[in-house]
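Worksheet: the structure to be examined is printed underneath.
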Amino acid sequence: MDALDTATWETRAAALAAELTAEGVLADPAWRDAFAATPRHLFVPHILNGPASLSAGDPGWLDAVYANESLATQTRPASDDTTGREIASSSSSKPAVMAVMLERLAAEPGHQVLEIGTGTGYNAALLSHRLGADNVFSVDLDPKLVDTAQEHLIAAGYRPHLAAGDGFAGWPGEMTFDRIIATCAVTAIPPAWINQLADGGRIIAPLDAGAAGPLLVLDKTADDEVSGRIDPFPVLFMPMRTDVTSPFAPGQSPSADAAGMPHYGTTAVDPAALLEWPDLALFLWLHAPGLRLGGSVEHGVVVAERGPARAEVDLAPLAEGTWAVRQSGPYRLWDTVEHAVAMFDTLDKPDATRLGVTALNVPGKQFIWLDDPDSDHSWPLA
Ligand SMILES: C[S@@+](CC[C@H](N)C(=O)[O-])C[C@H]1O[C@@H](n2cnc3c(N)ncnc32)[C@H](O)[C@@H]1O
């Protein structure tokens with residue numbers, strides 16, 4: 001990379017911080033300083049955003065680096081097929097999303113923070129600027145990413161603690177942290193994070209709820225428990241994965257074949273509502289974790305997929321209030337969707353702010369609740 005004039009990047013970093021402030025996502029002056037003082041260009045020498053890949057020195061590269069956009073830095077094949085389609089498996093996240101998450105983290109000087117998902121190292125640099133590198137710990141599944149992140153961080157003047165490993169197990173070593181921030185999306189809170197969270201600690205983690213999921217903001221409420229509200233701020237993160245060669249979480253790969261005889265039927269649930277109503281889509285995902293909703297008005301169909309189960313519903317009604325459904329896979333996924341839609345209606349169509357999560361450090365003992373952790377309406381998370 002050509003050496004970049006300090007004044008050039010500082011002007012751009014300051015402009016990015018000002019943009020985030022104007023957008024209303026960066027209010028804390030200390031985090032504003034961190035964004036203005038951290039050279040993002042050192043963390044993204046190569047950007048792989050589709051065909052318009054850019055490397056340091058290319059025209060447009062610097063503009064892309066200091067734009068409020070997520071920047072893909074590593075991709076993996078989308079499936080076993082031969083289409084050659086690649087999906088991002090690591091990136092520098094969108095600065096507006098990073099700002100929101102860092103502010104929700106409520107980290108204070110002296111706090112020790114664990115980041116799950118080192119990626120480029122840029123977020124670890126922001127944390128190091130704010131808290132001192134010695135208080136920052138970051139783990140990534142991919143050892144190569146950890147090595148390059150370390151080079152980037154040293155170039156930026158920071159030496160936080162880095163480790164390669166599955167962040168599902170938390171930090172590899174006997175440690176407790178005041179804050180844990182996940183920069184890959186989860187379907188449940190790994191028990192190790194609860195065990196490694198100090199009293200008074202907080203976990204910020206994006207929920208892998210299909211498209212843009214909400215944030216979980218969970219405080220330690222007992223030795224073995226965290227609890228808190230769902231924050232509806234929409235964030236789109238790559239899922240927490242277990243295989244460095246794949247961009248997918250276990251069981252998420254689209255190459256899983258739908259099995260079983262197709263079933264043809266009708267539904268009284270308007271499929272358009274699923275695409276147009278984020279609160280309903282979230283509520284459905286929370287009843288059927290892993291549910292992916294797709295399709296479009298343009299294609300005239302809504303597609304729901306969950307592992308090998310699939311349902312397609314025509315957007316054009318067969319008759320007033322009746323739509324055609326085709327289902328395939330080991331069970332009838334649309335029946336689950338219908339059940340959850342009925343529950344959504346019964347509960348007065350709750351928006352995301354009425355939902356919360358309580359997670360124990362025991363797999364299967366994690367719950368969604370409505371309005372209150374002791375509410376009559378709670379059900380298992382994932
Ligand atoms: C959006 S990127 C992180 C961005 C990063 N914080 C930065 O500032 O550049 C998500 C990262 O999560 C990592 N990841 C996915 N699954 C993981 C796991 N099980 N344990 C640790 N890291 C994981 C990916 O390898 C990827 O680098």
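The values are calculated or read from the model by the stated rules, or taken from the named source; none is laboratory data. All of these numbers come straight from a predicted model, not from anything done at the bench. As a convention, Cβ positions derive from the backbone with ideal geometry for all residues, glycine included, and neighbour counts pool all protein chains shown. Side chains included, ligands, DNA and RNA excluded: accessible areas come from the protein's heavy atoms. Shrake-Rupley method; radii C 1.70, N 1.55, O 1.52, S 1.80 Å.
Per DSSP helix of 4 or more residues, -39500 (n - 2.57); summed, then divided by the residues of the chain. What does that give at 222 nm, rounded to the nearest 500?
-8000 deg cm²/dmol
Please compute the volume of the convex hull spanned by the alpha-carbon atoms of the chain and report it per residue in Å³.
148 Å³
Let me have the relative contact order for the range 155-214, percent, based on Cα pairs under 8 Å that are six or more residues apart.
33 percent
Quick one: net charge around Arg104, please, counting Lys, Arg +1 and Asp, Glu -1 for every other residue with C-beta under 9 Å from its C-beta.
Spelling it out: positives minus negatives among the neighbours equals -1.
Could you give the angle, 0 to 90 degrees to the nearest 10, between helix 95-105's Cα long axis and the longest principal axis of the Cα atoms of the chain?
Result, in degrees: 90.
Measure nothing but the geometry: give the 0 to 90° angle between the long axis through the Cα atoms of 143-155 and the longest principal axis through the Cα atoms of the chain, rounded to 10°.
Approximately 40 degrees, to the nearest 10.
Hey, what did the range 6-235 get for relative contact order, percent, Cα under 8 Å, at least 6 apart?
13 percent
How far is helix 122-131 tilted off the main Cα axis of the chain, in degrees rounded to 10, range 0 to 90?
Long axis of 122-131 versus the principal axis of the chain: about 60 degrees.
Can you give the FRET efficiency for Arg85 and Asp199, using 1/(1 + (r/R0)^6), R0 = 45 Å, r = Cβ-Cβ distance, to the nearest 0.05?
Rounded to the nearest 0.05, the efficiency is 0.45.
Please report the net charge: other residues with Cβ closer than 14 Å to the Cβ of Gln74, K and R +1, D and E -1.
Summing Lys/Arg as +1 and Asp/Glu as -1 gives -2.
Mind giving me the nanometre distance, one decimal, between the label points for Ala52 and Asp335, set 7 Å out from Cα along Cα→Cβ?
Computed distance between label sites Ala52 and Asp335 equals 4.7 nm.
Straight-line reach only, C-alpha to C-alpha below 16 angstrom: list the lysines that Lys365 could link to, leaving out same-chain residues fewer than 8 apart.
Hits, sequence-local ones excluded: Lys220.
If I take R0 = 56 Å and measure r between the Cβ atoms of Thr346 and Asp5 in this structure, what FRET efficiency does the formula 1/(1 + (r/R0)^6) give, to the nearest 0.05?
Rounded to the nearest 0.05, the efficiency is 0.35.
How much FRET efficiency would the formula 1/(1 + (r/R0)^6) give for Ala64 and Asp147, where r is the Cβ-Cβ distance and R0 is 25 Å, rounded to 0.05?
Given R0 = 25 Å and the Cβ-Cβ separation, E is 0.60.
Reported to two decimal places, what Rg/Rh ratio describes the range 234-368 when computed on Cα atoms with Rh from the Kirkwood expression?
0.98
I'd like the carbon and sulfur percentage of the solvent accessible area for the chain, probe radius 1.4 Å, heavy atoms only, ligands and nucleic acids excluded.
53 percent
Under a 10 Å cutoff between Cα atoms, tell me which one of His339, His152, His129 has the largest fluctuation in the Gaussian network model of the chain.
His339
For q values of 0.09, 0.12, 0.20 Å⁻¹, compute log₁₀ I(q)/I(0) with the Debye formula on a Cα-only model of the range 1-157, without solvent.
Log10 I(q)/I(0), no solvent term: -0.29, -0.51, -1.37.
If contacts are Cα pairs under 8 angstrom and at least 6 residues apart, what is the relative contact order of the range 253-367 in percent?
29 percent
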